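Right, one structure below, let's go through it.
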Amino acid sequence: MSFLEVAHVSKSYSGAIALKDARLDIAPGEVHALMGENGAGKSTIIKILAGVTAADSMAATIDGKPVTITDAQESYRHGLRFIHQELNIVPHLSVAENIMLGLPYPRRFGALVDWRKLNAMARAALDKLQVSHIDTRIKAARLSTGDQMLMKIAATLISAGDNMARLYVMDEPTAALTGAESRKLFEVIDELKQSGASILYVSHRMNEVMEICDRVTVFRDGQTIATRNLSDTDKNEVIHLMTGRDVKDSYPPRRAAKGEDVLLETKALRTRQVRDVDFQVNRGEILGIAGLADAGQSAVLLALLGVDRVQAGHVTIHGSPIAAQNPSAAWRNHVAYIPRERRREGLMLQRRIVDNINLPHLQKLSFAAGFLSRRRERRFADALGKKVRLKSGGMNQACYQLSGGNQQKVVFARALGDAPELLLLDEPTRGVDVGAKFDIYTLIRERSAEGAAVVMTSSDLPELIGMCDRILIMREGAQHSIIETDGLSPADLLAKFYD
Amino acid sequence: MISLFKRYGTLVGFIAIVAFFWFNLPDTFMTARNWLNISQQISMLAVVAFTMTFVMVMGDFDLSVGSMASLSGITAALLFSQGYPVAAGVAAALAMGILGGFFNGFLVSILGILPFVATLGTLTMFSGLAFWLSDGKTIFGRDIPKTFSGFARGGVDIELAGTLALKIPYLSILALVVLAAVWLVLEQTSFGRRLYAIGGNYEAARLAGVKVRRLRMAAFALTGFGAAIGGLMYASRVASANPTQGSGLMLDAIAAVFLGMTMSEEGEPRVLATLVGVLILGVLDNGLTQMSVDSYIREILVGAIILTAVASSSVGKFRR
């Protein structure tokens with residue numbers, strides 16, 4: 001019998017469907033992998049299990065008995081424990097205190113903390129995991145990321161009576177770990193498994209999944225596609241299950257042949273976050289950048305925009321090296337940028353649409369001495385709003401009142417304002433509804449046909465294949481290869497992300 | 001209805017305060033003479049608060065304006081006592097303001113120190129500098145030229161029916177000029193619009209090519225400049241300079257901008273709203289003094305009014 005079984009899990013966020021009748025069952029003492037592309041619904045189901053997000057509908061059983069998970073406390077009482085990517089540690093407290101955090105400290109004389117006993121309890125928890133190299137008295141900040149994770153796992157072992165940990169949900173646990181740290185983690189996972197606990201292992205790393213997991217469940221577009229024993233399947237089948245679909249004909253066709261002259265070129269580009277980036281983009285060409293989450297796709301764009309300093313190598317536009325390295329100089333040179341996090345990095349949500357569109361273009365909308373012309377401002381924003389087919393209650397509406405798709409169109413209108421020659425697009429259709437997506441694809445195609453070079457990232461693989469001429473693959477911050485998209489399938493592309 | 005009240009609550013409160021004093025002081029409060037008096041009393045605070053709006057638009061603030069005002073007065077008075085002409089003293093004081101403001105901007109924008117900490121530090125530095133330069137003494141009497149102190153006593157005469165009816169003080173006129181200048185810069189120029197953009201979303205403004213660091217420095221410099229003007233006005237009014245005379249300005253200036261922010265839908269500072277904030281503080285001071293209310297009680301009232309205004313609007317609360 002399963003330890004935990006959830007079925008008919010549905011969840012939508014203001015119209016956008018995140019999960020649709022998904023299911024997941026986990027046996028006692030197994031390591032169960034959960035896989036899927038970005039946006040497949042993995043994070044949503046984790047949040048639902050953690051009691052952070054409420055499902056629209058769900059039938060859950062534990063040991064065959066129906067249960068509810070309405071809040072984090074209830075999830076905890078069911079024995080569910082979560083090891084997140086961002087570890088919530090208190091850096092200047094000792095390891096022992098971090099392990100005992102949230103529990104009453106042992107005391108002496110009724111008031112003073114019994115440090116000796118506290119350390120002993122923490123020590124015992126680490127020993128259960130066969131972890132002997134961590135000193136419980138040093139500050140948590142001094143531990144490596146891997147050891148911090150082991151510390152957090154040890155913390156989950158300390159619990160009273162009925163609230164024993166029974167399922168560990170680990171979300172991309174090895175993303176920030178070195179190889180040796182990962183090995184230690186796998187040993188600990190094995191210890192946990194021996195003790196009868198289950199692990200839900202969420203990861204993009206196919207090889208790890210193949211090595212340590214017993215079964216895998218694949219999500220796609222919010223639905224459960226399949227659950228397989230890993231002994232009965234292989235890497236290729238899992239990738240096929242994850243991508244599944246063919247590229248649909250939902251992308252506007254290219255309008256003109258790409259130009260002959262190179263607009264953008266990088267040579268052995270290195271920044272804080274990326275290295276060995278070497279490519280050329282012609283006028284009228286669209287280059288995609290792809291890879292696993294945080295493999296450096298966005299960081300390439302930040303280097304081109306002048307946010308991340310170029311440490312080695314160089315970037316040329318029109319054959320001449322870029323001068324000043326800051327976003328302001330980039331915009332002046334007709335480079336336009338659409339950030340990944342629209343709300344945090346793109347918009348001034350409280351301010352009017354017209355202010356948001358015109359921000360980088362105020363110079364040319366002003367008379368002498370910087371006095372703004374309201375009329376020019378209005379005309380400029382109106383024309384761009386029309387161009388991107390913005391649906392709003394007028395240019396004076398505040399941006400927070402717009403839908404995600406229309407907010408993104410405001411950011412696009414801003415980017416298209418000064419006839420950009422190089423468009424840098426970081427996830428241009430993220431969180432955008434289908435209709436607005438097509439409008440955005442059309443805008444990209446239009447600008448490209450007018451001779452601009454486009455560099456875009458996306459975690460939506462069919463989108464990259466549908467829009468781009470070539471795709472640059474990033475692996476762990478370094479350029480791996482550049483491939484043509486002609487005849488490429490999403491599964492082929494995804495397979496390039498893995499070793 | 002509720003949102004209307006939220007938006008205009010502060011304005012309604014201001015009118016209520018005026019009505020209250022009008023009712024209680026029927027003969028003296030609602031007269032042109034008294035209002036001109038109020039305008040002169042608040043002129044220094046007004047100038048400092050108007051220019052404080054520059055940094056508060058970006059979500060920053062400047063605690064050092066009070067000690068900068070003192071320092072500016074001392075600088076001018078010191079040069080006067082050495083025999084320099086009025087213009088030289090005034091110019092040096094204003095330069096001191098701009099320089100100090102740039103220093104604040106450098107600390108906040110280039111070194112990345114929080115405005116609270118940075119300007120707390122410079123508050124102490126400017127104050128110490130003022131004490132050191134003046135040797136801790138008040139500079140007054142013959143050291144202060146008549147042309148300088150005369151400015152605060154002078155005004156534009158307005159004749160009605162052939163007789164001298166009223167005199168609009170130069171100080172009030174100066175405050176109005178500063179108001180107009182700040183309004184023009186903040187509301188009508190691309191510079192001002194970019195400051196609002198920085199306040200709206202620093203990261204988005206930076207990525208959209210706004211030169212955030214340079215603008216932040218410039219805004220702090222303008223605030224320092226305003227503080228120096230305020231300090232000179234004060235020194236002119238009392239015909240003396242001492243190293244603590246500006247210190248009351250800082251809290252009142254920030255309070256005035258906050259009161260103004262409660263009238264904006266987006267919770268943004270607007271200089272015309274700051275004017276209402278300044279008027280509230282000025283009218284309270286004037287009316288309560290006339291009613292012989294204890295000055296300590298006055299402080300309690302002013303604090304309570306600020307908190308009420310902020311609590312009833314959406315400004316200054318935690319956002320989800």
### Task
Can you tell me the alpha carbon radius of gyration of region A:262-497 divided by the globular rule-of-thumb value 2.2 N^0.38 Å?
1.00
### Query
For the pair B:Trp132 and B:Gln82, how long in nm is the line joining their label points, each one 7 Å along Cα→Cβ?
1.5 nm
### Task
Can you spot the lysines whose alpha carbon is less than 25 Å from A:Lys387's alpha carbon? Ignore those fewer than 8 places along the same chain.
A:Lys258, A:Lys364, A:Lys409, A:Lys437
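Stokes-Einstein diffusion coefficient for the protein assembly as shown at 20 °C in a medium of 1.002 mPa s, Rh from the Kirkwood formula over Cα pairs: what value in µm²/s?
Numbers: Rh = 31.1 Å.
D = 69 µm²/s.
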### Proxy reagent accessibility, fewest Cβ within 10 Å first, across A:Tyr201, A:Tyr76
A:Tyr76, A:Tyr201
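Given only helices, namely DSSP H runs of n ≥ 4 each adding -39500 (n - 2.57), what is the per-residue ellipticity at 222 nm of chain A, to the nearest 500 deg cm²/dmol? Intermediate results must be reported in sequence, preceding the final value.
Numbers: 16 runs with 158 residues, N = 499.
It lands at -9500 deg cm²/dmol.
Kirkwood Rh over Cα pairs of region A:4-243 into Stokes-Einstein at 37 °C, 0.692 mPa s: D in µm²/s? Intermediate results must be reported in sequence, preceding the final value.
Numbers: Rh = 18.8 Å.
This corresponds to a translational diffusion coefficient of 175 µm²/s.
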### Message
How large are Rg and Dmax for region B:167-209 when calculated on the C-alpha trace, in angstrom?
### Response
15.2, 52
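Within 10 Å of each candidate Cβ there may be at most 12 other Cβ atoms; applying that plus a DSSP loop requirement, which trypsin sites (Lys or Arg not before Pro) in region A:334-385 survive?
none
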### Task
Go through region A:59-67 residue by residue and turn each phi into a ³J(HN,Hα) via Karplus (6.51, -1.76, 1.60, θ = phi - 60°); whole Hz please, and just put x for glycine and proline.
10, 10, 10, 10, 6, x, 9, x, 9
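Which GluC sites (Glu not before Pro) from region A:61-130 combine a DSSP loop assignment with at most 10 other Cβ atoms within 10 Å? Before the final figure, lay out the partial values.
On the way: sites: A:Glu74, A:Glu86, A:Glu97; in loops: A:Glu86.
Hits after loop and neighbour filter: A:Glu86.
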### Query
Once amide H atoms are placed 1.01 Å from N in the peptide plane, what residues at a sequence separation of 5 or more from B:Thr189, or on another chain, have their amide H within under 5 Å of its amide H?
A:Leu372
### Message
Using only the Cα atoms of chain B, what semi-axes does the equivalent ellipsoid have when each is the square root of 5 times a gyration tensor eigenvalue? Give whole Å, largest first.
### Response
29, 28, 18
### Task
For peptide B:180-189, compute the average count of partner chain beta-carbon atoms within 10 Å of each residue's beta-carbon.
2
### Message
Along the Cα→Cβ direction, 7 angstrom out, place labels at A:Arg379 and A:Glu74. What is the inter-label distance in nm?
### Response
6.0 nm
### Task
Name the residues whose placed amide hydrogens come within less than 5 Å of the amide hydrogen of A:Val113, ignoring near sequence neighbours (fewer than 5 apart) on the same chain.
A:Arg108
### Task
Return the FRET efficiency for the residue pair A:Glu191, B:Val177: r is the Cβ-Cβ distance, R0 is 56 Å, and the value is rounded to the nearest 0.05.
0.15
### Task
Just tell me how shielded A:69-77 is by partners: mean number of partner chain Cβ atoms within 10 Å of each residue's Cβ, no decimals.
0
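If the chain between A:Val90 and A:Thr316 were fully stretched, how many nm would it gain, using 0.36 nm times the residue separation less the Cα-Cα distance? Intermediate values should be presented prior to the final figure.
Numbers: separation 226, 0.36 × 226 = 81.36 nm, distance 4.45 nm.
Difference between extended and current length: 76.9 nm.
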### Summary
Output field shielding_mean for B:205-216 (other chain Cβ, 10 Å radius) holds 6
## Note on the structure
Stretched fully, the stretch from A:Thr61 through A:Asp127 gains (0.36 nm per residue minus C-alpha distance, one decimal, in nm) 20.5 nm
### Query
Excluding same-chain residues fewer than 8 positions from B:Lys146, which lysines have a Cα within less than 28 Å of its Cα?
B:Lys137, B:Lys167
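Give me A:Val354, A:Val411, B:Val302 sorted ascending by neighbouring Cβ count inside 10 Å, so fewest comes first. Mind showing how you got there, number by number?
Working: A:Val354 21, A:Val411 26, B:Val302 18.
If I rank by nearby Cβ atoms, fewest first, I get B:Val302, A:Val354, A:Val411.
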### Message
Please compute the contact order of chain A in relative form: average sequence separation of alpha-carbon pairs under 8 Å and at least six residues apart, divided by the residue count, as a percent.
### Response
15 percent
### Residues of type lysines that A:Lys20 reaches as a straight line, Cα spacing below 16 Å, ignoring anything fewer than 8 places off in the same chain
A:Lys11, A:Lys42, A:Lys47
### Task
Report, in degrees rounded to the nearest 10, the 0 to 90 angle that the Cα long axis of helix A:115-128 makes with the longest principal axis of chain A.
80 degrees
### Summary
Relative contact order in percent for region A:278-405 (Cα pairs under 8 Å, 6+ apart) equals 18 percent
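To make sure I understand, if each residue's beta carbon is the centre and we count other beta carbons within 10 Å, what order do B:Ile42, A:Ile45 fall in, fewest to most?
Values: B:Ile42 25, A:Ile45 30.
Ascending number of Cβ neighbours within 10 Å: B:Ile42, A:Ile45.
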### Query
With each label point set 7 Å from Cα along the Cα-Cβ vector, what nm distance links B:Leu99 and A:Glu450?
5.0 nm
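Quick one: if the Förster radius is 30 Å, what FRET efficiency do A:Ser12 and A:Glu237 give, using the C-beta to C-beta distance and rounding to 0.05? The partial results should precede the final answer.
Numbers: r = 30 Å, r/R0 = 0.98.
Efficiency computed from Cβ-Cβ geometry: 0.50.
Values in this text are rule-based calculations from the coordinates and carry no lab data. In this text the structure is predicted, and so the values were computed from the model without any measurement. Ideal geometry is used to build each Cβ from the backbone, glycine not excepted, and the neighbour counts take in all protein chains shown.
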